[in-house]
Each structure stands twice: as C-alpha cells, then as structure tokens.
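The values are calculated or read from the model by the stated rules, or taken from the named source; none is laboratory data. Note that the coordinates shown come from a computational prediction; the quantities given were computed from them, not determined experimentally. Because the Cβ atoms are built from the backbone with ideal geometry, glycine has one as well, and the counts that use them run over all protein chains shown.
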Amino acid sequence: MSWQTALALSCAAVLAAAVPGTLGYATARLERADSQHAEVLRLRAEIQSVRRTDRQIPTPCMDGRVRNGGRTGAEDLPG
C-alpha cells in the first residue's frame, strides 16, 4: 500500500468520526438554544401576567402605641 493510499484512508477514518460528532454536537447546542428561548418567552409571559394582575397589598395595621404616642389604651381602663 502506498503512502498516498494510507494517508487517504486515515483522513477518511478521521472525517468519518469527526463529521457526525460535530454535527451531533451542533444539533444538540441548537436544540438547547431553542428550548432556552422558549423558556425565556414563557417567563416573560408570566411576568407580564403578574404585572397585569393588580394585586392590592393591604397596608399593615399600625400598632396602637405608635398612633397614640406610646400609650396602648390600657392605662385608661378601670381596675
């Protein structure tokens, strides 16, 4: 076997392994990018939905001592 034939066969063997592996890797990366894009769109829609929902958060009740200058009102009770 001549060196040209040996070189051609080795190049063919390397290409036979490298090309499908590279294509598989590139395909997997593109599929992952598509799924991440879909997830971003889903999260954006969820954020917009939450923003559209006008949730009224009630203000917390003030402690009576704050409104009455440190007094609770129990001082005024008899007994």
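Here are the numbers for this structure:
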item: Flag for residue 19 being surrounded by 10 or more Cβ atoms within 10 Å (Cβ to Cβ) and modelled with pLDDT under 95; result: yes
item: Residue in region 48-69 that is β-branched (Val, Ile, Thr), modelled with pLDDT of 90 or more and assigned to a helix (DSSP H, G or I) present; result: no
